[in-house]
Amino acid sequence: MKYALLYDDDAAARRHSATLLKSLGYAVAEATTAQAALNATRALHFDVILTASAHADGERRALPGELSRLAPRTPTILLLPQDEPLPPVYRSFSATVTKPVTVRALRHALEFGLDGTGPRPVPPAMHSERRHHGLRRTAPR
């Protein structure tokens with residue numbers, strides 16, 4: 001069985017998304033606050049994390065950064081309202097799905113992800129190499 005964490009402060013949207021995830025074979029843990037989502041991530045292992053917010057409430061830290069620190073190998077999917085632009089931290093997510101969530105869009109994000117191989121954790125950007133302690137070479141030889 002696959003396990004999913006769903007964080008959305010809108011109760012109707014959270015129930016709808018949870019129903020769709022259950023129809024795709026996931027056992028869903030629902031969180032109503034960012035702190036509850038972070039606590040659940042500390043306590044349990046999830047196969048995928050879906051969040052409707054890019055920031056924790058009352059915190060300056062970005063939610064995807066905290067989730068990737070607590071669960072580095074777990075992909076995170078951003079549930080984004082249709083009218084809103086992409087937040088600046090959208091690259092920190094494995095995939096995005098616009099709300100209202102449809103089963104087709106959710107299945108596509110879960111099975112194919114951004115690169116066609118399914119949702120994968122976003123690797124951190126490489127700024128320097130360990131050897132020679134210099135900047136990473138960007139130009140071809």
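The values are calculated or read from the model by the stated rules, or taken from the named source; none is laboratory data. Not measured: the values here are computed from a predicted model. Because the Cβ atoms are built from the backbone with ideal geometry, glycine has one as well, and the counts that use them run over all protein chains shown. Protein only, heavy atoms only, side chains kept; ligands, DNA and RNA dropped before computing areas. Shrake-Rupley method; radii C 1.70, N 1.55, O 1.52, S 1.80 Å.
Looking at (1) open to solvent by 10 Å² or more (accessible area, probe 1.4 Å); (2) more than 10 Å from the chain's Cα centre (by Cα), which one does A52 not meet, given that it meets all the others?
(2)
Which of the residues that make up the stretch 1-34 are in contact with a Leu (Cβ under 8 Å, 6 or more places away or on another chain), closer than 17 Å to T102 by Cα and open to solvent by 40 Å² or more (accessible area, probe 1.4 Å)?
Restricting attention to the stretch 1-34, the residues satisfying the condition of being in contact with a Leu (Cβ under 8 Å, 6 or more places away or on another chain) are 3-8, 13-14, 17-18, 20-21, 24, 28-31, 34.
Right, trim to closer than 17 Å to T102 by Cα and you get 4, 6-8, 13-14, 17-18, 20-21, 24, 28.
The one that is in contact with a Leu (Cβ under 8 Å, 6 or more places away or on another chain), closer than 17 Å to T102 by Cα and open to solvent by 40 Å² or more (accessible area, probe 1.4 Å): L24.
If I go through the stretch 17-69 residue by residue, how many of them are basic (K, R) and modelled with pLDDT under 90? Steps first, please.
To start, the set of residues in the stretch 17-69 that are basic (K, R) comprises 22, 42, 60-61, 69.
The next check asks that each one be modelled with pLDDT under 90; those that pass are 60-61, 69.
Within the stretch 17-69, residues that are basic (K, R) and modelled with pLDDT under 90 number 3.
Tell me, yes or no, whether the stretch 67-75 has at least one residue that is surrounded by fewer than 20 Cβ atoms within 10 Å (Cβ to Cβ) and assigned to a strand (DSSP E or B).
Checked the stretch 67-75: no residue is surrounded by fewer than 20 Cβ atoms within 10 Å (Cβ to Cβ) and assigned to a strand (DSSP E or B).
Testing R14 on (1) in contact with a Ser or Thr (Cβ under 8 Å, 6 or more places away or on another chain); (2) part of a loop (DSSP other than H, G, I, E, B), one condition comes back false. Which one is that?
(2)
Restricting attention to the stretch 20-44, which residues are closer than 15 Å to L110 by Cβ and assigned to a helix (DSSP H, G or I)?
L20, L21, K22, S23
Could you list all residues from the stretch 90-109 that are surrounded by 21 or more Cβ atoms within 10 Å (Cβ to Cβ) and modelled with pLDDT under 85?
F93, S94, A95
Sort through P87, P119 and tell me the only one that's more than 12 Å from the chain's Cα centre (by Cα), surrounded by 13 or more Cβ atoms within 10 Å (Cβ to Cβ), outside any strand (DSSP E or B) and modelled with pLDDT under 85. Spell out the reasoning first.
Numbers: P119 fails: more than 12 Å from the chain's Cα centre (by Cα).
Every option except P87 fails the conditions.
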